[in-house]
1. Scanning the range 102-131 for residues that are in a loop (DSSP other than H, G, I, E, B) and at pLDDT 95 or above, which turns out surrounded by the fewest Cβ atoms within 10 Å (Cβ to Cβ)?
2. Taking residue 72 as meeting all but one of (1) surrounded by fewer than 21 Cβ atoms within 10 Å (Cβ to Cβ); (2) closer than 22 Å to residue 204 by Cα, write down the number of the exception.
3. If a residue has to be loosely packed, with under 15 Cβ neighbours inside 10 Å, within 27 Å of residue 198 (Cβ to Cβ) and in contact with a helix residue (DSSP H, G or I) (Cβ under 8 Å, 6 or more places away or on another chain) to count, how many in the range 1-44 make the cut?
4. Give the residues of the range 225-247 that are in a helix (DSSP H, G or I) and within 20 Å of the chain's Cα centre (by Cα), sorted by residue number.
5. Could you list all residues from the range 78-99 that are over 20 Å from residue 155 (Cα atoms) and either touching a residue at least 24 places away in the same chain (Cβ under 8 Å) or within 18 Å of the chain's Cα centre (by Cα) (or both)?
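The values are calculated or read from the model by the stated rules, or taken from the named source; none is laboratory data. On a predicted model such as this, the values are computed, not experimentally measured, just so you know. FYI the Cβ positions are ideal-geometry reconstructions off the backbone, even for glycines, and counts take in every protein chain you see.
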């Protein structure tokens, strides 16, 4: 999946020493969504339904400061809330944050680029997420104390947590499968935007020590099935934020 320019390999190797995980990602051109589904033998009836909400100012001040606040409702499971920082330098993170329960430092890599992020995740009920989305509960009641403190440290000083706009929801279909002839789990996410546009992302996670091997194996598997590895890549979070900010 990931093909990183040679001049960036050194920086990536340094990051891989200090991160917890690596996620290799590939977005598929919209015109090829159905063909890729057939090539990989995907069964849409096995997909898990999710609703994804983001919280930011109308001008996306949090995103401009490298902060993402997100909540998800998940079919048949608990939802979650996340405060994410990106980019981050793992060695510069406070030890208390790095060791906090629910905190993870990960490199997301897709063809042509990569980014290191840190995210603090908490389980929450789907009902609570819905109440916040409908305006029946303040966002501060959804986030944990640790998440609020993290947001306070990194958000612009004039941003009030409970004044953030609800950006969403995005309907997401998520499917995990272990294909024949490939020893890793692949995750497929189809993000459905209100204007009818779609983003289809394929991803697989691996330990930092096996990132390059996993990338080579993933590219070989997908290439053999006719998946275009050279298409323009779309960042689904940025697309969602910009869509709702302009709505």
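1. To start, the set of residues in the range 102-131 that are in a loop (DSSP other than H, G, I, E, B) comprises 102, 111-112, 125.
The next check asks that each one be at pLDDT 95 or above; those that pass are 102, 125.
On the way: 102: 14, 125: 12.
Filtering first and then ranking leaves 125.
2. (1)
3. Result for the range 1-44: 2.
4. If the condition is that a residue be in a helix (DSSP H, G or I) and within 20 Å of the chain's Cα centre (by Cα), then 236, 237, 238, 239, 240, 241, 242, 243, 244, 245 are the ones that fit.
5. 78, 79, 80, 91
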